[in-house]
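Engineer: Here's a structure for you.
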Amino acid sequence: MLIGFSARWPHLPVALFVFLILPLAVWGQLLRELGRTTLAVIFPFALSITLVQGFFYPGATHVIFSLGPFALKEEGLLFAYGTLGKILLLAGAGLLLLFSTHPADLILALVQHGFPNALAYIVVTAIQLLPHMQAKAMAIVNAQRARGLETETNLWRRSRALLALVGPLVFSALVDVHERALALEARAFSAPCSKTSLKELHDTREEALARWAIIVLSIAFIAWQIGGL
Amino acid sequence: MIQLDHVTYTYPQAKHPALSDISLEITESSLVAIVGPSGAGKSSLCALLAGFIPHHFHGILQGRALVHGQDIANTPLAELVTHVGYVFQNPFTQLSGAKLTTREEIAFGLENLGVPRLEMAERVDRVIELFSLRDIANRSPYEISGGEMQRVALASIFVMKPRVLVLDEPTAQLDPLGARQVFEAIRTLTNTQSVTVIIVEDKTEWIATFADRVITLHEGRVVLDGSPDAVLTSPLLAEIGIRVSHYTQAARAASRHRLWPSELALPTTLDKAIDGFKRARKKYENLG
């Protein structure tokens, strides 16, 4: 991502996505998942950036075609292409990490490299418990609907219904958080000792070398870009 | 093992104490059931024994509470949890939320205590066997039934080797099958391990079968304390709103009509009720 973002050649982010991210996704058997999600993320950006930059890029002169008072210009499209390439690379790399590495494993690796345990716990539980919180929210919505609350009507009634939904949701979330805090205490979460782990992360020599290579390459590329200015 | 000496506790901003002048002793390896109506102070007593009072719930604590000779008020919570384990009502909120498998979930407490990996693996595997969790050991803790989840919660605490286990209505949110699984797990513990179990429970038949002692709380005070047979047949229970077992109720009604043998105490379990009614029938057959 660093290389893609610091490159002056506008095609590099797209090239990195096509020749690095996609092959990695194929290797990890994640191509379909990654492709579908990346498209879903990218499409709204692509549409808005292309239209806005294509028609309204400041100072652009090369008109490709005109539509009444509006003119699509080459400079704007090139700028949109460059920006979209970076967003594509950012989304692709992020989603590849998300699909290939479970948050719990990622956090474990971070903790083993000195990341604070409590902070890691907050991050991983926020990700893991989100679907359960959604299920709970849905249960509250259904319970309120069963008691006559209209949630699929006009905006005014829906906004009034929101109050009846938010109250129980927030209250039950607070109760859950309190009980979870006690449950964590009961399991020695705040014990003042260095934590260990049942799970052993296998960090192979090749993986460590690849990580170092990425860091060195990124630094070298950025230095080259800055030096070449 | 556990000694409470004139303990009174009032929650912050509360007008009345949740626990009033409680004095009791609980010996090692016993199973003590705590019963009482809503608001009697059962959960507060559990929270005190686990050290949540006064370390988490600040308030006014008077008297002395000792676990293993250590004063609860002066012992850090992180140290107390290695002596006293606590299992909550809701199995869901007890899951750490940070683990992928049930096996890893059980190890969470040991990880926090810094137990070396090899020892941790041995202890976790032993507990998995003890609680018959082998089939779900590699499944997500969120994809198992409520009863299994509560057994995992129990195993997750027991693996930390506490000498006292406090269970606050562990079957309250479970279906009958889930409740039975949890009761069997507790029975396994008390039969095979030297651990003191203090359980808040309203299933009186189960208490009558397995508890060594029953303590009844009402408005923060101990109103009854004795053997299950003595406490669970006391007329006071119904007066303070505690559900009495159907067997006791049936025998009490029969007794009013002289259909229950006067020499027999009121039953608390199905077996005792059958035995009593058989004897009553025999008596009337002989009379006839």
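Engineer: State the number of residues belonging to the range B:196-219 that are assigned to a loop (DSSP other than H, G, I, E, B) and more than 12 Å from the chain's Cα centre (by Cα).
Structural biologist: The number of residues fulfilling the criteria is 1.
Engineer: If you scan the range A:190-215, which residues turn out to be open to solvent by less than 40 Å² (accessible area, probe 1.4 Å) and within 7 Å of chain B (Cβ to nearest Cβ)?
Structural biologist: A:ALA191, A:SER197, A:LEU198
Engineer: Looking only at residues in the range A:4-25 that are under 22 Å from A:GLY227 (Cβ atoms) and at pLDDT 80 or above, which one is most open to solvent (accessible area, probe 1.4 Å)?
Structural biologist: Looking at the filtered set, the residue picked out is A:TRP9.
Engineer: Among the residues of the range B:182-198, is any out of contact with any Ser or Thr (no Cβ under 7 Å at 6 or more places or on another chain) and at pLDDT 90 or above?
Structural biologist: The answer is yes, given that some residue of the range B:182-198 is out of contact with any Ser or Thr (no Cβ under 7 Å at 6 or more places or on another chain) and at pLDDT 90 or above.
Rundown of residues vs (1) in contact (Cβ under 8 Å) with a residue 60 or more places away in the chain; (2) open to solvent by 40 Å² or more (accessible area, probe 1.4 Å), yes/no style:
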site	(1), (2)
B:PRO141	no, no
B:VAL152	yes, no
B:PRO170	yes, no
B:THR196	yes, no
B:LEU224	no, no
B:ALA230	no, yes
B:PRO235	no, yes
B:GLY241	yes, yes
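Engineer: Against the conditions (1) more than 24 Å from B:GLU143 (Cα to Cα); (2) in a helix (DSSP H, G or I); (3) over 29 Å from the mean Cα position of the chain (by Cα), where does A:ALA143 fall short? Just the number, please.
Structural biologist: The one condition A:ALA143 does not meet is (1).
Engineer: Okay, moving on. Going by what's in this entry, would A:LEU119 be described as surrounded by fewer than 13 Cβ atoms within 10 Å (Cβ to Cβ), under 26 Å from A:MET1 (Cα atoms) and more than 9 Å from chain B (Cβ to nearest Cβ)?
Structural biologist: For A:LEU119, the condition - surrounded by fewer than 13 Cβ atoms within 10 Å (Cβ to Cβ), under 26 Å from A:MET1 (Cα atoms) and more than 9 Å from chain B (Cβ to nearest Cβ) - is met.
Engineer: If A:ILE87 satisfies every condition in (1) away from chain B (no Cβ under 14 Å); (2) open to solvent by 60 Å² or more (accessible area, probe 1.4 Å) but one, which is the exception?
Structural biologist: Unmet condition: (2).
Engineer: Moving to a separate point now. I'm checking my understanding of the structure. Among residues of the range B:73-94 that are closer than 18 Å to B:ILE186 by Cα, more than 7 Å from chain A (Cβ to nearest Cβ) and in contact with an Asp or Glu (Cβ under 9 Å, 6 or more places away or on another chain), which one is most open to solvent (accessible area, probe 1.4 Å)?
Structural biologist: Residue satisfying both the conditions and the ranking: B:GLN89.
Engineer: Then there's this: Hey, can you tell me all the residues within the range B:128-137 that are open to solvent by 10 Å² or more (accessible area, probe 1.4 Å) and touching a Leu at 6+ places or on another chain (Cβ under 9 Å)?
Structural biologist: B:LEU130
Engineer: OK, next. State all residues of the range A:26-46 that are within 13 Å of A:LEU88 (Cβ to Cβ) and either among the small types (Gly, Ala, Ser) or surrounded by 15 or more Cβ atoms within 10 Å (Cβ to Cβ) (or both); if no residue qualifies, say none.
Structural biologist: A:LEU34, A:GLY35, A:THR37, A:THR38, A:ALA40, A:VAL41, A:ILE42, A:PHE45, A:ALA46
Engineer: Okay, moving on. Going by the conditions given, is B:GLY114 touching a Cys at 6+ places or on another chain (Cβ under 6 Å) and at the interface with another protein chain (Cβ under 7 Å from one of its Cβ atoms)?
Structural biologist: yes
Engineer: Can I ask one more? Residues of the range B:159-170 being within 12 Å of another protein chain (Cβ to nearest Cβ) and touching a helix residue (DSSP H, G or I) at 6+ places or on another chain (Cβ under 6 Å), which ones?
Structural biologist: Once the filter is applied, which keeps residues that are within 12 Å of another protein chain (Cβ to nearest Cβ) and touching a helix residue (DSSP H, G or I) at 6+ places or on another chain (Cβ under 6 Å), the range B:159-170 yields B:VAL159, B:MET160, B:VAL166, B:ASP168.
Engineer: All but one of (1) touching a Lys or Arg at 6+ places or on another chain (Cβ under 8 Å); (2) within 13 Å of chain A (Cβ to nearest Cβ); (3) surrounded by fewer than 24 Cβ atoms within 10 Å (Cβ to Cβ) hold for B:GLU105, so report the exception by its number.
Structural biologist: (3)
The values are calculated or read from the model by the stated rules, or taken from the named source; none is laboratory data. Nothing here was measured: the structure is a model prediction, and the numbers come from that model. Every residue, glycine as well, gets a Cβ built from its backbone with ideal geometry; the counts of neighbours run over all protein chains shown. Accessible surface is based on the protein model in full, side chains and every heavy atom, while ligands, DNA and RNA are left aside. Shrake-Rupley method; radii C 1.70, N 1.55, O 1.52, S 1.80 Å.
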